[in-house]
Amino acid sequence: MKFNEQYTVENHILRFLQEKLDYSYIPPKEFEKLRELEREYIIVPLLRDALAKLNPGASEVEVANVIRQVRSIERNQDFLEALRNGVNLVDADTRRTKNFKLLDFVIRTNNSFVVTNQFYFEGNAENIRPDILVFVNGIPLVDIEAKSATAQGVSFEQAIGQLKRYEKFARSLFIPNCFNIATDGHKTVYGATYAPAQGFFEWKDEELEQKLGGKLEVALVSLLEPVRLLDIVQNFIVFEKTKDGAIKKIARYQQLRATNKILERVREGKEKRGLVWHTQGSGKSLTMFFSAWKLRFDASLQNPKVFVLVDRVDLDDQI
């Protein structure tokens with residue numbers, strides 16, 4: 001894809017998300033009308049509509065209480081839990097706990113996938129303007145920073161640096177964030193929220209690249225196609241506990257691919273065994289974790305037993 005001053009990387013991404021991935025685009029001026037304050041990152045009208053659709057019978061009071069609870073979440077890890085498991089409220093009359101879904105992981109079309117650009121946001125120490133933000137049901141899940149492919153000395157590395165600055169100076173915007181993408185049109189990388197620069201990687205798929213024509217398009221389809229995005233949010237992000245705290249990690253292409261092939265084979269039930277070959281440092285432990293997770297919670301498999309065998313104590317502790 002050739003870019004110029006008129007046809008920028010940012011414009012190409014916006015057009016691709018609309019035309020190829022069925023996202024709805026809301027221009028900045030129209031998006032401003034959906035929030036009262038520039039420090040708001042949960043888009044209440046979009047979330048309110050989604051809650052009513054995903055939770056039939058929910059009253060206006062219940063929806064308002066769910067929104068209030070969502071806006072009160074202060075940790076990225078807690079927000080991921082809410083995205084996956086919903087929000088629980090105690091019924092004032094019956095004292096029973098009732099769950100409210102924020103996302104529908106089964107029926108994609110029950111969710112709203114919205115993209116906007118130049119989103120002005122009032123941060124805690126700096127006001128920022130992310131290039132592109134991806135919202136699902138009014139919740140900002142992905143920040144895309146797109147640097148000019150024609151500007152001399154500018155690259156995806158500057159986009160990563162910008163993301164790191166945003167996370168530092170506008171922390172609240174990244175409370176619900178799942179991952180980020182940095183691109184200059186030629187090279188595109190992605191990383192989990194708070195990942196250091198060395199934690200950003202390309203998504204590789206040679207067959208898909210030949211079909212789509214470029215690496216940027218491969219990343220957009222592989223990470224943001226609605227079904228794939230929901231799968232990543234539900235199954236392919238993990239917080240690993242270390243002595244220095246929790247580290248957020250997101251699957252790489254080989255881990256997601258292997259996990260879903262394993263799940264597909266088990267569902268079919270035709271083959272009783274299989275082998276996944278890994279190179280050193282390719283993330284075998286995470287592949288085992290993601291595979292065990294999906295097998296364990298796949299409704300069609302009815303709660304199977306999963307055995308994970310390792311040959312080192314440190315791997316046992318890690319898993």
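Placing +1 at every Lys and Arg Cβ and -1 at every Asp and Glu Cβ, with all other atoms neutral, what dipole size does the chain have around its Cα centre, in debye to the nearest 20?
That gives a dipole near 840 debye.
Of the residues L208, L37, L141, which exhibits the maximal mean-square fluctuation in a Gaussian network model of the chain defined by a 10 Å Cα contact cut-off?
In this elastic network of the chain, the residue with the biggest mean-square fluctuation among L208, L37, L141 is L37.
To the nearest 20 Debye, how big is the dipole of the range 1-110 about its Cα centre, given +1 on the beta carbon of each Lys and Arg and -1 on that of each Asp and Glu?
Working: 18 positive and 18 negative charges, 54 e Å.
In total the dipole reaches around 260 debye.
So if each residue of separation counts as 0.36 nm, and I subtract the Cα-Cα distance between F297 and T279, what length gain in nm does that give?
That works out to 3.7 nm of additional length.
Rolling a 1.4 Å sphere over the protein heavy atoms, what is the accessible area per residue of the range 129-264, to the nearest Å²?
40 Å²
Please work out which option in (i) 48, 31, 15; (ii) 34, 25, 16; (iii) 30, 28, 19 gives semi-axes √(5λ) of the Cα gyration tensor in Å calculated from these coordinates, and answer with its label.
Recomputing semi-axes √(5λ) of the Cα gyration tensor in Å here gives the entry labelled (iii).
So if I take the centroid of the Cα atoms in the range 255-310 and the same for the range 100-145, what is the distance between those two points in Å?
Each part's Cα centre sits 30 Å from the other's.
Within the chain, what's the longest run with no GluC sites (Glu not before Pro) in a DSSP loop and at most 11 other beta-carbon atoms within 10 Å? Give the range, please.
My reading of the result: 75-270 is the longest stretch.
Mind listing the phi-derived Karplus ³J(HN,Hα) values for the range 190-202, rounded to whole Hz, using 6.51, -1.76 and 1.60 with θ = phi - 60°, and x for any glycine or proline?
9, x, 5, 3, 6, 5, x, 4, 6, x, 9, 9, 7
Please list, by residue number, every one of the trypsin sites (Lys or Arg not before Pro) in the range 258-319 that is coil in DSSP and has at most 14 other beta-carbon atoms within 10 Å.
Answer by residue number: K270, K272, R273, K305, R312.
In the chain, with Lys and Arg counted as +1 and Asp and Glu as -1 at Cβ, which of these residues, I13, V306, H278, has the Cα nearest the positive end of the dipole, that is, farthest along it?
It is V306, whose Cα lies furthest towards the positive end.
Helix-only mean residue ellipticity at 222 nm, the chain, DSSP H runs n ≥ 4 weighted -39,500 (n - 2.57), per residue, nearest 500. What is it?
The per-residue figure over the chain is -12000 deg cm²/dmol.
As a quick test, which of the pairs K29/K215; K284/K305; K29/K147; K29/K98; K211/K261 have an alpha carbon distance above 26 angstrom in this structure?
From the list (K29/K215; K284/K305; K29/K147; K29/K98; K211/K261), the Cα-Cα distance tops 26 Å for K29/K215; K29/K98.
Explain nothing, just the number: relative contact order of the chain, from Cα pairs under 8 Å at least 6 residues apart, as a whole percent. Provide the component values of the computation, followed by the final result.
Working: 485 pairs, mean separation 42.9, N = 319.
About 13 percent, as a whole number.
So if I place +1 on the C-beta of Lys and Arg and -1 on the C-beta of Asp and Glu, and nothing else carries charge, what would the dipole magnitude of the range 94-224 be about its Cα centre? I want it in debye, nearest 20.
Dipole about the Cα centre, nearest 20: 760 debye.
For the range 11-58, what % of the accessible area comes from carbon and sulfur atoms, probe 1.4 Å?
Carbon and sulfur atoms account for 45 percent of the accessible area of the range 11-58.
For the range 178-310, which whole-number percentage of the solvent-accessible area (1.4 Å probe, protein heavy atoms only) is attributable to carbon and sulfur atoms?
52 percent
The values are calculated or read from the model by the stated rules, or taken from the named source; none is laboratory data. Just so you know, these numbers come straight off a predicted model, no measurement behind them. When we count neighbours, we look across all protein chains shown, and the Cβ atoms used for this are built from the backbone with ideal geometry, even at glycine. Each accessible area value is taken on the protein alone, full model and side chains, heavy atoms only, with ligands, DNA and RNA left out. Shrake-Rupley method; radii C 1.70, N 1.55, O 1.52, S 1.80 Å.
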